[in-house]
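Below is one structure, written out as structure tokens; the observations come after it.
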Amino acid sequence: MGRESCAIVVRTIFDVVIAALKRGENVKIDGFGTFEPIDKKARRYSWGITIPAHTTVKFTPHKDLKNIPYDNPGPDTENQEG
């Protein structure tokens, strides 16, 4: 399978997951995890900012994904400019 074909497959999977989440459905991908739409209440902070009620997505990784031993701690952040 070529690069373009892989990109189409991945984009299609994302489209299906997004459509299901918009319908309020949970999406479980075996061995990867579960996406779940959750409703957040409106919040008001003392300094005047209000965040309206909205729906967001919660991801819970599969136990096998959570238990992967990571030998590489990630990129070296000490040498980054910023």
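The values are calculated or read from the model by the stated rules, or taken from the named source; none is laboratory data. The shown structure was predicted, so the numbers you read here are calculated from the model rather than taken from an experiment. Note: ideal-geometry Cβ built from the backbone for every residue, glycine included; neighbour counts use all protein chains shown.
Brief remarks on what is shown
- Scope region 1-32; condition at pLDDT 95 or above, assigned to a strand (DSSP E or B) and not charged (D, E, K, R); matching residues: Val27
- Note on region 33-53: residues that are part of a loop (DSSP other than H, G, I, E, B), touching a strand residue (DSSP E or B) at 6+ places or on another chain (Cβ under 7 Å) and among the basic types (Lys, Arg) total 0.
- Within region 9-38, residues that are free of Cβ contacts under 8 Å to residues at least 24 places away in the same chain reach partners that are aliphatic (A, V, I, L, M) and assigned to a helix (DSSP H, G or I) with beta carbons closer than 6 Å, at six or more positions or on different chains, in the pairs Val27/Val17; Val27/Ala20; Pro37/Leu21.
- Selection count where residues are among the acidic types (Asp, Glu) and more than 26 Å from Lys66 (Cβ to Cβ), scope region 2-55: 2
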